[in-house]
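The values are calculated or read from the model by the stated rules, or taken from the named source; none is laboratory data. Quick caveat: nothing in here was measured; it's all calculated off a predicted structure. With ideal geometry, Cβ positions are generated from the backbone for all residues, glycine too; neighbour counts draw on all protein chains shown.
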Amino acid sequence: MIGDKKVLFSGMQATGNLTLGNYLGALMNWVKLSDEYECFYSVVDMHSITVRQDPAELRARARKLLMLYIAAGLDPEKNCIYFQSHVSGHAELAWILNCFTYMGELSRMTQFKDKSAKHADNINAGLFTYPVLMAADILLYQADVVPVGIDQMQHLELTRDIAQRFNGIYGDVFTVPEPYIGKVGAKIMSLQDPSKKMSKSDENPNASIYLMDDPDTIMRKFKRAVTDSLGAVRYNEEEQPGICNLIDIYVACTGKTREETVAEFDGKGYGDFKTAVGESVVERLRPLQERVADLAKNKDYVDRIIKENAEKAQYASSKTLRKVQKKVGFPEKIR
Ligand code: TRP
């Protein structure tokens, strides 16, 4: 607890460009939760170097992601929006927690298996202990809740196991965090293969709408979206997964219901429907893109946010870190 509020922690990697799926799925949830909780939203740049990055590109992407957090509606004066690498406690706690995590546990992580298959020439130790750094992120702030996608649930389970193990040895040091899985309707699928999630790492650029795509690109991608040969706009998951996905996108962008959407396009063809969905996305992203452009021009403001929030996060994390260091037996610093 900070004051009378529970603590929320979440983070995103600055690799790849954020998609409409990240926005309607994750970011919109973060914004919704931000009043209720004391929130830490990190740009987890330390996680990104587990796979090889171009330094200039990583730096630029990390800053852009931080601006996107703000542009999406997270008030940086109320929420702690910061770069993971600016707060030394993440690495320090991760080291300690590494000594409380078993090789066997980490070997079972499906993301490790996937990523090591994909980057077979660079299976580094950081890729292996990635979930421990994630546990450190969360436990450092005594987070009560962690909004995550299904793909991160296994890492969150591990975080809970590590916290409970540590608490079992040393007493109640860590809050054991609960996952927060977003409500349905926000899961956006690939435009080219509606059985797959829309992903920022998809190799086919037509599969995803990126948040910074211009209107023409957005309209073109929707025109090419995979549908079916039934020719009717219906919410029929078995036979029309592509159309269902487009309906869900339209619903998320316009605030209409599925039923209203189906009624609105009764008797109309896919061409009209796709145009309407594309336009709803263009309108939805326009203010976001404008805010990012404003922030990009306003360097001093963004710098101030970065500095102040890093200090805030450093301060908030130092209490837990000191407690943990003492518990494991590190000599006290002489001040
Ligand atoms: N591993 C997460 C992902 O790839 C990102 C992440 C890092 C995270 N640390 C976190 C998410 C802490 C939630 C809480 O999506």
> Considering region 275-301 alone, what residues qualify as being among the polar types (S, T, N, Q) and in contact with a Ser or Thr (Cβ under 9 Å, 6 or more places away or on another chain)?
Replying inline: Ser280
>> Could you list, ordered by first residue, the pairs with Cβ atoms under 8 Å in which the first is in region 144-167 and more than 19 Å from Val7 (Cβ to Cβ) and the second is within 10 Å of the ligand (Cβ to nearest atom) and in a strand (DSSP E or B), at least 6 apart or interchain?
In response: Met153/Pro179
> From the list Val281, Val324, Val251, Val277, which residue is surrounded by 12 or more Cβ atoms within 10 Å (Cβ to Cβ) and either in contact with a Leu (Cβ under 6 Å, 6 or more places away or on another chain) or hydroxyl-bearing (Ser, Thr, Tyr) (or both)?
Replying inline: Val277
>> Go through (1) surrounded by 17 or more Cβ atoms within 10 Å (Cβ to Cβ); (2) free of Cβ contacts under 8 Å to residues at least 60 places away in the same chain; (3) more than 21 Å from the chain's Cα centre (by Cα) for Asn245 and report which single condition fails.
In response: (3)
> Scanning region 142-187 for residues that are more than 10 Å from the ligand (Cβ to nearest atom) and modelled with pLDDT under 90, which turns out nearest to Trp95 (Cα to Cα)?
Replying inline: Ile150
> Does at least one position in region 99-110 carry a residue that is at positive phi and within 16 Å of the ligand (Cβ to nearest atom)?
Replying inline: no
> Out of all the residues in region 119-141, which are more than 13 Å from the ligand (Cβ to nearest atom) and either aliphatic (A, V, I, L, M) or assigned to a loop (DSSP other than H, G, I, E, B) (or both)?
Replying inline: His119, Ala120, Asp121, Asn122, Ile123, Asn124, Ala125
> Quick one: which strands (runs of 3 or more DSSP E) sit completely within region 1-86 and have at least 2 residues that are among the acidic types (Asp, Glu) and away from the ligand (no atom under 11 Å from the Cβ)?
Replying inline: none
